Amino acid sequence: MEDNIQIVKQVYNMVAEKYDSSLSDDETNCLSRFFSIVEGDNLIDLGCGQGKIAEYCHEQKGFNITGYDISEKMLIIADKKNKYKENIHFVLSDMQTAESTIVFDAAIASFSLIHLTNDQVKNTLFNLRKMLKPGGYLYISVLAGTLCDYISEPLDSRIKIFVHQYTESTITALLESVNYKVVEINYGEDNAIAALSKNAIFIFARREK
């Protein structure tokens, strides 16, 4: 199943120029609540794409942010659009193997785990533990549902991309299996043009020691 990673990389490189990275009202509302519980200044953004979340987080709370993404072309766009180069940096890397010399105070994975298998999600969450401080908070947004398969990419129906939807119990179990404690769960919508599903789950979790 490791091929899904390479396919996701290829697909996002193909659609990068027409990708819509705007944030839904439900997501910005959840992020605002998330910011209120975060202590510290350094934030890691897993699957940062074009850097829209990073920009929003810096403008709202002044975070210093390092964003990681597997798509070279998405990061080219992120770098071009980056208005805060002293505070926001982007790194080309698979989330499962990302490395940093910084210990982050909080982490965000906005609709980036939706292209991973359960084992790959566990690998990503375990790897994040090396970079997130004990007691640090993690924000995750995922698609709600039971689909776990290849579907047509909304921005180019000629190609397919791997999509993993989650139930509340599934994402909770994955987090708990790597010693994160879920502290809040909300439901809402992902209304982006490129959304692979409209129903979304927004989760706050804490890295336990």
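Bear in mind these aren't lab numbers, they're just calculated from the coordinates by the rules spelled out. Please read these numbers as outputs of a predicted model, since none were measured by experiment. We place every Cβ from the backbone using ideal geometry, glycine too, and count neighbours over all the protein chains shown.
Here are the numbers for the structure shown:
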{"read-out": "Percent of beta bridges antiparallel (DSSP, the chain, rounded to nearest 5)", "value": "50"}
{"read-out": "Extension gain (nm, one decimal) between SER32 and LYS209, 0.36 nm per residue minus Cα-Cα", "value": "61.2 nm"}
{"read-out": "Placed amide H near TYR150: partners under 5 Å, 5+ positions off or other chain", "value": "VAL163"}
{"read-out": "Proximal aspartates and glutamates to LYS133, defined as alpha-carbon separation beneath 17 angstrom and excluding residues fewer than eight positions away on the same chain", "value": "GLU39, ASP41, ASP45, GLU99, ASP105, GLU176, GLU208"}
{"read-out": "Among ILE53, ILE44, ILE185, residue whose mean-square fluctuation peaks in a GNM of the chain (springs only between Cα atoms under 10 Å)", "value": "ILE185"}
{"read-out": "Positive dipole terminus of segment 3-207, leading residue within ILE7, SER152, VAL103 (C-beta point charges)", "value": "VAL103"}
{"read-out": "Farthest positive-ward along the chain dipole, Cα basis, beta-carbon charges - from TYR180, THR170, LEU116", "value": "TYR180"}
{"read-out": "Nearby aspartates and glutamates by direct alpha-carbon distance to LYS198 (threshold 19 angstrom, same-chain neighbours under 8 apart not counted)", "value": "ASP20, ASP25, ASP26, GLU27, ASP149, GLU153, ASP156, GLU168, GLU189, ASP190"}
{"read-out": "Options (i) 9, 38, 41, 12, 0; (ii) 9, 32, 32, 13, 7, 5, 2, 1; (iii) 8, 30, 28, 18, 11, 5, 0 - which one matches P(r) over Cα pairs in 10 Å bins from 0, in percent as calculated here", "value": "(i)"}
{"read-out": "Magnitude of the charge dipole, the chain, Cβ model with Lys/Arg +1 and Asp/Glu -1, debye to 20", "value": "300"}
{"read-out": "Loop-located GluC sites (Glu not before Pro) in segment 27-99 whose Cβ has at most 11 other Cβ within 10 Å (DSSP)", "value": "GLU39, GLU86, GLU99"}
{"read-out": "Using a Förster distance of 35 Å, the FRET efficiency for ILE185-LYS80 (Cβ separation, nearest 0.05)", "value": "0.50"}
{"read-out": "Overall form of segment 94-166 per C-alpha gyration tensor (a/c, 1.5; a/b vs b/c)", "value": "prolate"}
{"read-out": "22 Å Cα-Cα reach of LYS83 towards lysines, excluding residues that sit fewer than 8 places from it in its own chain", "value": "LYS18, LYS52, LYS61, LYS73"}
{"read-out": "Loop-located trypsin sites (Lys or Arg not before Pro) in segment 2-83, at most 12 other Cβ atoms within 10 Å (DSSP)", "value": "LYS83"}
{"read-out": "Vicinal HN-Hα couplings computed from phi for segment 102-119 (Karplus, 6.51 cos²θ - 1.76 cosθ + 1.60; Hz; Gly/Pro x)", "value": "8, 9, 8, 7, 7, 9, 10, 9, 8, 6, 9, 7, 6, 10, 10, 6, 4, 5"}
{"read-out": "Stokes-Einstein D (µm²/s) once Rh is taken as the Kirkwood radius of segment 21-122 over alpha-carbon pairs, at 37 °C in 0.692 mPa s", "value": "237"}
